[in-house]
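Heads up, the thing below is written out as structure tokens.
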Amino acid sequence: MDAQELEVVARRALDAVKKIAPDAQVRIGAWSGSTSNIRFALGSVQSCGDVSQERVSLFVQLGKRHAETGGNQIDDASLAALAVRAVAMAKLAPEDPEAMPLVGPQTYGAAIDGFDASLAAVSDEARAQTAGVALAATKKAGLKGAGYFETNAGTLVVIDSAGLRASTRSTYGELTMTARTADGSGSGWGIAAGNRAQDLDAGTVVRAACDKAVRSARARPLPPGKYTVVLEPAAVGDLLSFLESPLDARSVDEGRSALTRRGGGNRLGERIASDLITLRSDPSDPELPVSPFDEGSGLARKPIVWIDRGKLAVLSYSRYWAAKQGKEPTAHGGWHLLGGKAASVDELVAGVKHGLLITRFWYTRTLDPQLATATGLTRDGVFLIENGKIKEPVNNFRWNESPLTMLRNCDALTAQTWRVDGSSRVPALRTHEFNMASLSDAV
């Protein structure tokens, strides 16, 4: 369904609520799209799937009470039943002292269309061919390969009873692959992600996974400690995701954030990272297209520079906290970490006297929210660097570290950035004093 057809569905759902609760504030999200995937391992395709559906989410607010529900049937009877359920739930909900009115009409700035017809048209046969290429390459190299390839395409319309009307369409694809040596001592991994078919270069993913698997085999032990590390993009993106909570203005104001100044107040304008670091969100960024509005509320997204050449420039405000503090609310979009000049990961490695090259992280979790520390494991290739050269593979580690420490101790980034998930684009970077807390038996 296109945006016009979805808006008709959304207005039918809105009318169904208004028929039984005329005074309700109502927001409707109507989505239509498809998700297709293929999973391969053990020399063959293990599973594949295609799901095409329409979904409707329905938010109802009665005074300070509110509830949200959803369904995937869009006939009149189903929408009426959904409306009855949402209104009943809202009546039962406790009053929310922080409930906010609907956003109403919004003005959206320039945004990049995140829809790529070529990606939307990727067929089951094309996904199977990609799996075949990956499996053939691992077999030829004497390795075991496994991977997952998924593509998504969809259109979203959001309306509310206060006059909001917003729509967007998007595509996204992600191909990941793991390769392992026959003896199980070496493991490599690769990823390609993006909103365009041309972003999904299977050859690059396969080569990266196979290369790391062969090179990481029979790793030697290395003690835990604080190391200079070169983090490949997947690792950077994983740790950077833990920066969202510290940037929340309410957490800062209430003293629960690593960005709260000692004695109270925020650190706006202060240096919190290397002066190489610029972190921004911009709906008009051609390298990271995102919706021009927050998909939940419909609030307009605007260009934001979070960290400007190392200095904290902006905090994130929820609508409630913004109203309380007299600020503008923030519609958070994708993150693009900029600032690099290095031509390649090899150039970053060349600047390390003694340190580690890290492929990616795995099983990452928050460790201490007030210090913005996280923990996780290294995975799929850790290599000792000596005098600017990769010397040999070493064991995996459990690490305990903060994204703020990573950014503060960074002294070089690649000029190129990569998509590592649906909402961020990052470079590889070099940073110091990275805390490898203990050894890990993972491969």
- prompt: Is it the case that D275 is assigned by TED's automatic domain parsing to the domain that holds K353, outside any helix (DSSP H, G or I) and of a type in the set (D, E)?
  reply: yes
message: Restricting to segment 56-81, count the residues that are of a type in the set (D, E, K, R) and touching a residue at least 60 places away in the same chain (Cβ under 8 Å).
response: 1
- line: The residue from T155, T178 that alone is crowded, with 18+ Cβ neighbours inside 10 Å and over 30 Å from P22 (Cα atoms) is T178
statement: Across (1) in contact (Cβ under 8 Å) with a residue 24 or more places away in the chain; (2) in a loop (DSSP other than H, G, I, E, B), M89 clears everything bar (2)
- prompt: Just checking, how many residues over segment 36-69 are under 27 Å from the mean Cα position of the chain (by Cα), loosely packed, with under 15 Cβ neighbours inside 10 Å and either among the aliphatic types (A, V, I, L, M) or within 18 Å of I20 (Cβ to Cβ) (or both)?
  reply: 1
query: Which fully enclosed strands (runs of 3 or more DSSP E) of segment 299-399 have 1 or more residues being within 20 Å of S185 (Cβ to Cβ) and within 19 Å of the chain's Cα centre (by Cα)?
result: 354-368, 373-386
field: Near pairs, Cβ below 7 angstrom, 6+ apart or cross-chain, from segment 426-443 (assigned by TED's automatic domain parsing to the domain that holds V236) to any residue that is basic (K, R)
entry: E433/K226; F434/K226; N435/K226; A437/R398; S438/R398; S440/R398; A442/R379
query: Residues of segment 262-299 being of a type in the set (A, V, I, L, M), modelled with pLDDT of 95 or more and under 25 Å from Q106 (Cα atoms), which ones?
result: L299
message: Can you tell me how many residues within segment 25-35 are surrounded by fewer than 17 Cβ atoms within 10 Å (Cβ to Cβ) and small (G, A, S)?
response: 1
- request: From the list T107, T69, pick out the single residue that is touching a Phe, Trp or Tyr at 6+ places or on another chain (Cβ under 9 Å) and of a type in the set (V, I, T).
  value: T69
Residue check, E433 in contact with a helix residue (DSSP H, G or I) (Cβ under 8 Å, 6 or more places away or on another chain), surrounded by fewer than 17 Cβ atoms within 10 Å (Cβ to Cβ) and modelled with pLDDT of 95 or more: yes
- prompt: What number of residues in segment 73-122 are over 16 Å from L14 (Cα atoms), loosely packed, with under 15 Cβ neighbours inside 10 Å and charged (D, E, K, R)?
  reply: 5
- prompt: Pairs under 8 Å by beta carbon, first residue at pLDDT 95 or above in segment 4-24, partner aromatic (F, W, Y), six or more apart or different chains?
  reply: L6/W31
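The values are calculated or read from the model by the stated rules, or taken from the named source; none is laboratory data. All values reported here derive from a predicted model rather than from experimental measurement. Because the Cβ atoms are built from the backbone with ideal geometry, glycine has one as well, and the counts that use them run over all protein chains shown.
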